[in-house]
């Protein structure tokens, strides 16, 4: 099959097209003919070597995990039907699915374990765009234990994870203040949050809306806002970041994802939120699979608040 791979760490240019073996399925997996693969910041960190102290991939590496496509083959059944039922509802060849791939999604085919059927009314772009952001937002809100009537500050309220968190929190009756650029203020307002310009002086601007501070803070931007966030939250207990490694020195929780959140229940929740209108799908831009290097370079350059997708 055709795939985009890298065989050494480096810039986007190390990504190149190659013919590689189609994945061999393990018990409980399906083979997905990838239609859309999403490009995420993690992919860039993996390719650059920024993750090599904690992640040790075997070269060559096919990046990517978030995908939408069609089941092309079904692997061997797991020995325990009880275990199998917790992986996904039974899937068949030809089913449209979305979720997480295994071993890389920048390819014509990807093995997958955590995927569910794509509801007919869920657009392909939406299915490929909301998996990582939606799952991360749900995890962070759960960890912060924010409840109706409380006030949540979200840094990066117009970004992929930030906007998902804002919309879910507002739906749950939480008052949300979100930092963003001036150009994104109206978008954040449409999500139901109170926009505040990010950057120096954000603490004072937040206090204009919440004189007594906030109940919790979610940092999705990693822009050095943790000290001010601790001040606004009255301590570190309910401050959480997914982007700022200064958290470790400050005693703030750094929330990383993992296979534990890659479940059918999470995917179904994301689909339900999207179909009910709670989650507005982000704008998307598309690159051919063979232009994965350009797609990663575009993501690294910033300036686009939506999702970058590869057409496979």
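The values are calculated or read from the model by the stated rules, or taken from the named source; none is laboratory data. What you see is a predicted model; the values in this text were computed from it and never measured. Heads up, the Cβs are rebuilt from the backbone with ideal geometry, glycines too, and the neighbour counts pull from every protein chain shown.
The condition (being modelled with pLDDT under 95 and either more than 29 Å from residue 304 (Cβ to Cβ) or within 15 Å of the chain's Cα centre (by Cα) (or both)) is satisfied by just one residue among 263, 220, 245, 241: 263. Looking at 169, 158, just one residue is part of a loop (DSSP other than H, G, I, E, B) and in contact with a strand residue (DSSP E or B) (Cβ under 6 Å, 6 or more places away or on another chain), and that residue is 158. Of the residues making up segment 226-237, not one is in contact (Cβ under 8 Å) with a residue 60 or more places away in the chain, closer than 14 Å to residue 254 by Cβ and in contact with a helix residue (DSSP H, G or I) (Cβ under 7 Å, 6 or more places away or on another chain). Restricting attention to segment 123-138, the residues being outside any helix (DSSP H, G or I) and either within 14 Å of the chain's Cα centre (by Cα) or crowded, with 23+ Cβ neighbours inside 10 Å (or both) number 1. Inspect segment 194-207 for any residue being under 21 Å from the mean Cα position of the chain (by Cα) and at pLDDT 95 or above and give the result as yes or no. No, segment 194-207 contains no residue that is under 21 Å from the mean Cα position of the chain (by Cα) and at pLDDT 95 or above. Remark: pairs (first residue in segment 250-278, closer than 15 Å to residue 142 by Cα; second residue surrounded by fewer than 16 Cβ atoms within 10 Å (Cβ to Cβ); Cβ separation under 8 Å; 6+ apart in sequence or on different chains) = 253/143; 254/245; 254/248; 255/143. Looking across segment 1-22 at every residue that is under 24 Å from the mean Cα position of the chain (by Cα) and in a loop (DSSP other than H, G, I, E, B), the one that is nearest to residue 92 (Cα to Cα) is identified as 15. Only one of the numbered conditions (1) in contact with a strand residue (DSSP E or B) (Cβ under 9 Å, 6 or more places away or on another chain); (2) outside the structural domain of residue 11 (by TED's automatic domain parsing); (3) surrounded by 16 or more Cβ atoms within 10 Å (Cβ to Cβ) is not met by residue 268, and that is (3).
Applying the set (1) free of Cβ contacts under 8 Å to residues at least 24 places away in the same chain; (2) in contact with a helix residue (DSSP H, G or I) (Cβ under 6 Å, 6 or more places away or on another chain); (3) surrounded by fewer than 16 Cβ atoms within 10 Å (Cβ to Cβ) to residue 204 leaves exactly one unmet item: (2).
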